[in-house]
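The structure appears right after this line, and notes come after that.
Bear in mind that the values in this text are calculations on the coordinates, not laboratory data. Please read these numbers as outputs of a predicted model, since none were measured by experiment. So basically every Cβ, Gly included, is an ideal-geometry build from the backbone, and we count neighbours across all protein chains shown.
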Amino acid sequence: MASRNRQIYLQWTLIQDIIGPANLWPHKIRELFWTKNLKHFERIIVCVFVYVNGLNPELFFEWSELLELGRDRPAKNHFRALFRYFDNGNCSRSLYAFNVTNRRYEYLDGTVRRYVNRQNRQ
């Protein structure tokens, strides 16, 4: 069996092959991908990013186990529940993340998030 460091290296390389190079990711997302014991809202942010960028949730679950992103069973269950929730079309136009390949922010349903300057609206 490969050492833990080797597993992390191989998994991180695979994740970047799928999503794109980490240097193109938003800084906060890169930080969260390496943070132990993510809090509730941080788990949502990471899962939305994973979903928008087409990373297989099972691969993400392996990553979260390796890096201990969820400290206990409820946190791990939260990760799984979020992906089921997204797959059911919930929050498809309210949650968004940066799509690395397209280099733009997109909602869960793939539509582009447009910034609206509310000060200039008439």
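Points to keep in mind about this one:
- Restricting the trypsin sites (Lys or Arg not before Pro) of region 36-122 to loop positions (DSSP other than H, G, I, E, B) with no more than 16 neighbouring Cβ atoms within 10 Å leaves Lys36, Lys39, Arg71, Arg93, Arg103, Arg113, Arg114, Arg121.
- Using a Förster distance of 41 Å, the FRET efficiency for Arg93-Arg6 (Cβ separation, nearest 0.05): 0.50
- Among residues other than Asn102 with Cβ under 15 Å from its Cβ, the summed charge is +2 (Lys and Arg +1, Asp and Glu -1).
- Exposed loop sites here are chymotrypsin sites (Phe, Trp or Tyr not before Pro) assigned a DSSP state other than H, G, I, E or B and surrounded by at most 13 other beta carbons within 10 Å; excluding them, the longest clear run of the chain is 35-114.
- Debye intensity ratio I(q)/I(0), log10, the chain, q values 0.09, 0.10, 0.21, 0.22 Å⁻¹ (C-alpha model): -0.26, -0.32, -1.27, -1.37
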